[in-house]
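**Q** Below you'll find the structure I mean.
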Amino acid sequence: MNTSSQVRVENTSGVLTITLARPNKKNALTAQMYQALVEALEMASAEPSVQAVLLDADGEDFCAGNDIGDFVSLARSAQAIEDSDVFRFLRALAMFDKPLVAAVRGRAVGIGTTMLLHCDLVYVAEDARLSTPFVDLAVVPEAASSLLLPARIGHVRAFALFALGETLDGAAAVQCGLANAALPAQQVTARARASALTLDGKPAQALQATKKLMREPQRMLTTIAAEGKVFAERLRSAEAQARFQAFMTRRGQ
């Protein structure tokens, strides 16, 4: 099954693999890619043969975050941000009812890191670089990460990631509870797939019930909505527009 040329989807042996396939742009996510991701998660939830979902990526980097050009377009449009494809994806992550397993190599920036907070198992490369530099772009965290990240790693560490733009390598991600294991980059996908296949052998209803008990989707949806309101205000601010313009100017040099 191919949902998008930049998001590949394959269903084999009870595991639906979703692969970000825009390596020339470090897998920065566009509106079309968010649409494809939502469709893939909806299909995985509805398909009885799918027991787990594996999130992977082509190239050296997992995900460079949201495409800045799309951010600029969204800021200039009249569309309500809660109706945007990115926030549809965030809600789909919060509500997804089957195990999510992630294989992370290289950089995971912004949503590339915050989506991992919705994954049940995360395997990272030892030299992976996880960062959430929202303040540097004059915006705020999303994906309920303002709730989930402090709960996972503590307030001061989370604030350093959000506000100082600090970066975690693979070992640090494991140490603070963001990942299960840090491995050589070439071993990450195989380890993540092996775990997903192990989940496929488990009793399906018990597995889903366990995940449901461990999460608070309604609280996450409330937080995503609150973040979205502030995010929309920040996205259209002069401060953010200046940051986006500076970023795009540097990228064009």
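Please treat every number below as a calculation from the coordinates, not as lab data. Since we're looking at a predicted model, the values are computed, not measured. Positions of Cβ are backbone-derived with ideal geometry, glycine not excepted, and every protein chain shown enters the neighbour counts.
**Q** On a full-extension model of 0.36 nm per residue, what is the gain between Arg88 and Asp169, subtracting their alpha-carbon distance, rounded to one decimal in nm? Spell out each step's value before the answer.
**A** On the way: separation 81, 0.36 × 81 = 29.16 nm, distance 2.90 nm.
Here the answer is 26.3 nm.
**Q** Something else about it: If the cut-off is 21 Å between C-alpha atoms, which lysines fall inside it for Lys98, apart from same-chain ones fewer than 8 positions away?
**A** Candidates past the 8-residue exclusion: Lys202, Lys211, Lys212.
**Q** Now, a different point. I want the antiparallel fraction of DSSP beta bridges within the chain, as a percent rounded to 5. Don't skip to the end; give the middle numbers.
**A** On the way: 11 of 32 bridges.
Here the antiparallel bridges make up roughly 35 percent for the chain.
**Q** Give me Val50, Val140 ranked fewest to most by other Cβ atoms within 10 Å of their Cβ, as a rough exposure proxy. Don't jump to the answer; show the numbers that get you there.
**A** Working: Val50 17, Val140 21.
Ordered from fewest to most neighbouring Cβ atoms within 10 Å, Val50, Val140 come out as Val50, Val140.
**Q** With label points built 7 Å along Cα→Cβ from the Cα atoms of Glu42 and Thr210, find their separation and express it in nm.
**A** Going by the 7 Å Cα→Cβ label model, 3.0 nm.
**Q** In the Gaussian network model of the chain, springs joining C-alpha atoms below 10 Å, which of Pro99, Pro184, Pro217 carries the largest mean-square fluctuation?
**A** Among Pro99, Pro184, Pro217, the largest GNM mean-square fluctuation belongs to Pro184.
**Q** What is the antiparallel percent of DSSP beta bridges lying wholly in the range 1-134, to the nearest 5?
**A** Working: 8 of 26 bridges.
Around 30 percent antiparallel, to the nearest 5.
**Q** May I have the convex hull volume per residue, in Å³, for the Cα set of the range 2-187?
**A** Details: hull volume 20.1 nm³, N = 186.
Taking only Cα atoms, the range 2-187 has a hull volume of 108 Å³ per residue.
**Q** What is the sum of charges, Lys and Arg at +1 and Asp and Glu at -1, for the other residues whose Cβ falls under 15 Å from the Cβ of Met214?
**A** Combined, the nearby Lys, Arg, Asp and Glu give +4.
**Q** Counting other C-beta atoms within 10 Å, which of Glu216, Glu227 has the fewest, and how do the rest follow?
**A** Numbers: Glu216 15, Glu227 23.
Fewest to most other Cβ atoms nearby, the residues stand as Glu216, Glu227.
**Q** Please list, in order, the residues from the range 19-48 whose amide nitrogen is less than 14 Å from a point placed 7 Å along the Cα→Cβ vector of Ser77.
**A** Of the residues in the range 19-48, 30-36 have backbone N under 14 Å from the label point off Ser77.
**Q** Same structure, new question: Just to verify a number: FRET efficiency for Ala160 and Asp127, C-beta to C-beta distance, R0 = 22 Å, to 0.05?
**A** The formula returns an efficiency of 0.60 here.
**Q** Tell me, in nm to one decimal, what length is gained between Thr198 and Ser13 on full extension, where the rule is 0.36 nm per residue of separation less the Cα-Cα distance? Mind showing how you got there, number by number?
**A** On the way: separation 185, 0.36 × 185 = 66.60 nm, distance 1.06 nm.
The Thr198-Ser13 span can extend by a further 65.5 nm.
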